[in-house]
Amino acid sequence: MGIQNVLSKQLEEAGYMVRFAPVHCVGELENEIIQRMEGSEIDYQLYEKHMSWFEFDHANRMSSAMTVIIVSIL
């Protein structure tokens, strides 16, 4: 069993949703989050509290990374 499968299984058993994406998709994820905030699907204050620390500029912060792990609480 690969690391992604093991991690997914453990996180899902703990009540989290998990997805994996290629690191080059980080910009698309940022755009999706912004669109959802603008459409009131994501509360801006919630975003500021839990996600404002994240650097979407993967070239500088994650230059050797290949995959990002996206985890959400159900």
For this session: For residues that are out of contact with any Phe, Trp or Tyr (no Cβ under 8 Å at 6 or more places or on another chain) and either in a helix (DSSP H, G or I) or closer than 23 Å to Lys9 by Cα (or both), tally how many sit in region 25-74.
Result: 22
Exercise. Given the structure, is Phe20 surrounded by 11 or more Cβ atoms within 10 Å (Cβ to Cβ), part of a loop (DSSP other than H, G, I, E, B) and under 11 Å from the mean Cα position of the chain (by Cα)?
Worked result: no
For this session: Scan (1) more than 25 Å from Ile3 (Cβ to Cβ); (2) touching a strand residue (DSSP E or B) at 6+ places or on another chain (Cβ under 7 Å) for the single condition Phe20 breaks and write down its number.
Result: (1)
For this session: Working only within region 7-60, note down all residues that are among the basic types (Lys, Arg) and under 12 Å from Val71 (Cβ atoms).
Result: Arg19
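So that you can scan it fast, the table gives a plain yes or no per residue for (1) under 26 Å from Asp57 (Cβ atoms); (2) in contact (Cβ under 8 Å) with a residue 24 or more places away in the chain:
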residue	(1), (2)
Ile3	yes, no
Glu12	no, no
Cys25	yes, yes
Glu32	yes, no
Gln35	yes, no
Gly39	yes, no
Asp43	yes, no
Seminar exercise, completed: Scanning region 1-58 for residues that are modelled with pLDDT of 90 or more and among the polar types (S, T, N, Q), the one nearest to Ser72 (Cα to Cα) turns out to be Ser8
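The values are calculated or read from the model by the stated rules, or taken from the named source; none is laboratory data. None of these values were measured; they are calculated from a predicted model. Here the Cβ is made from the backbone with ideal geometry for all residues, glycine too, and neighbour counts use every protein chain on show.
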